[in-house]
Amino acid sequence: MGVLPWTCRCGLNPSPSKNRGAPGRPPPPTVLGCSSAPRGRRSKYTGQSVRTMPMRVLTVGKKRSQGTQLLVEEYKEKLGHYCAVEDILIKSNPKLTSDVKVQIEAEDTSMMQQLKAEDFVVVLDENGKDVMSEQIADLIGDAGSTGSSRLTFCIGGPYGLGVQVRERADATIRLSSLVLNHQVALIVLMEQLYRAWTIIKGQKYHH
């Protein structure tokens with residue numbers, strides 16, 4: 001029986017895989033489907049051995065507030081007990097244009113330059129599928145089964161992500177039904193990644 005794409009009854013589906021980077025790359029690997037578990041249930045990977053992949057979080061925006069950066073560093077330190085994690089801030093509106101379309105395209109190009117062909121890319125988008133903490137844990141475990149070398153999360157700027165990054169995504173999720181400022185979205189994501197690893201390891205969550 002073949003392996004199913006990363007899709008589940010909870011509705012989280014991968015985006016079309018296009019513009020993946022290096023020529024000659026084999027077709028994108030498939031990922032096991034996740035369970036549609038009610039809140040509070042364990043991840044299917046809880047207590048199991050999960051391949052550790054380095055994580056990278058790409059965010060489009062201006063200089064962060066001191067409070068945001070302190071929280072990001074705190075969660076990077078916590079995540080460092082489980083995997084290597086890198087936080088990259090991509091300058092918003094690099095062409096200093098008043099044309100929103102041009103701004104989005106420029107930010108899109110800048111973010112694509114940060115992606116490698118072997119990355120498993122997760123896009124955060126307000127039109128993505130809602131996920132619970134246990135499903136983020138499932139996503140981490142599933143991504144580790146694909147042969148990808150790095151798990152990369154992408155957070156857009158004030159006007160969202162461009163077409164290239166959206167099409168490059170292996171999965172598209174949203175953390176809230178609310179529209180989140182990119183700094184708030186970054187903090188929520190970092191906290192949820194740390195929480196997801198504690199779920200996988202079956203460990204107590206430490207605030």
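The values are calculated or read from the model by the stated rules, or taken from the named source; none is laboratory data. Fair warning: this is a prediction, and the values are worked out from it, not measured in the lab. Virtual Cβ from ideal backbone geometry, glycine too; neighbours counted across all protein chains shown. Quick note on the areas: whole protein, heavy atoms, side chains included, nothing else; ligands and nucleic acids left out. Shrake-Rupley method; radii C 1.70, N 1.55, O 1.52, S 1.80 Å.
Exactly one residue out of ILE199, ILE155 is in contact with a Leu (Cβ under 8 Å, 6 or more places away or on another chain) and at negative phi: that is ILE155.
Among all positions in the range 100-114, there is at least one residue which is at pLDDT 95 or above, closer than 30 Å to ILE199 by Cβ and either in contact with a Ser or Thr (Cβ under 7 Å, 6 or more places away or on another chain) or in a loop (DSSP other than H, G, I, E, B) (or both).
This table checks each residue for (1) touching a Leu at 6+ places or on another chain (Cβ under 9 Å); (2) not acidic (Asp, Glu).
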residue	(1), (2)
ARG51	no, yes
VAL57	yes, yes
ARG64	yes, yes
VAL100	no, yes
GLU107	yes, no
ILE140	yes, yes
ALA143	yes, yes
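Return the residue satisfying two criteria in turn: it lies in the range 29-46 and is over 21 Å from VAL121 (Cα atoms) and open to solvent by 70 Å² or more (accessible area, probe 1.4 Å), and of such residues it is modelled with the highest pLDDT. Only one residue fits best here, namely ARG42.
The residues in the range 153-201 that are in contact with an Asp or Glu (Cβ under 6 Å, 6 or more places away or on another chain), of a type outside the set (Val, Ile, Thr), at pLDDT 95 or above and in a strand (DSSP E or B) can be counted, and the count is 0. Identify, by number, the condition in (1) out of contact with any strand residue (DSSP E or B) (no Cβ under 8 Å at 6 or more places or on another chain); (2) part of a strand (DSSP E or B) that GLU86 doesn't meet. GLU86 satisfies all of (1) out of contact with any strand residue (DSSP E or B) (no Cβ under 8 Å at 6 or more places or on another chain); (2) part of a strand (DSSP E or B) except (1). For the range 147-195, the tally of residues that are closer than 18 Å to GLN135 by Cα and free of Cβ contacts under 8 Å to residues at least 60 places away in the same chain stands at 6.
Applying the selection to the range 117-156, what residues are crowded, with 21+ Cβ neighbours inside 10 Å and over 25 Å from ILE199 (Cα atoms)? Matches in the range 117-156: GLY156 only.
Cβ-Cβ contacts under 8 Å between residues 6 or more apart (or on different chains), taken from a first residue in the range 95-112 that is open to solvent by 50 Å² or more (accessible area, probe 1.4 Å) to a second residue that is assigned to a helix (DSSP H, G or I), are listed as LYS95/VAL102; LYS95/GLN103; LYS95/ALA106; THR109/GLN164. Between GLY141, GLY128, GLY147, the distinction of being over 15 Å from THR59 (Cα atoms) and in a strand (DSSP E or B) belongs to GLY128 only. Considered as a group, the residues in the range 196-205 that are touching a residue at least 60 places away in the same chain (Cβ under 8 Å), of a type outside the set (Lys, Arg) and more than 22 Å from LEU115 (Cβ to Cβ) include one that is most open to solvent (accessible area, probe 1.4 Å), and that residue is GLY202.
If you check LEU70 against the conditions, is it open to solvent by less than 60 Å² (accessible area, probe 1.4 Å) and either part of a helix (DSSP H, G or I) or under 26 Å from HIS207 (Cα atoms) (or both)?
Details: open to solvent by less than 60 Å² (accessible area, probe 1.4 Å): no; either part of a helix (DSSP H, G or I) or under 26 Å from HIS207 (Cα atoms) (or both): yes.
No, not satisfied.
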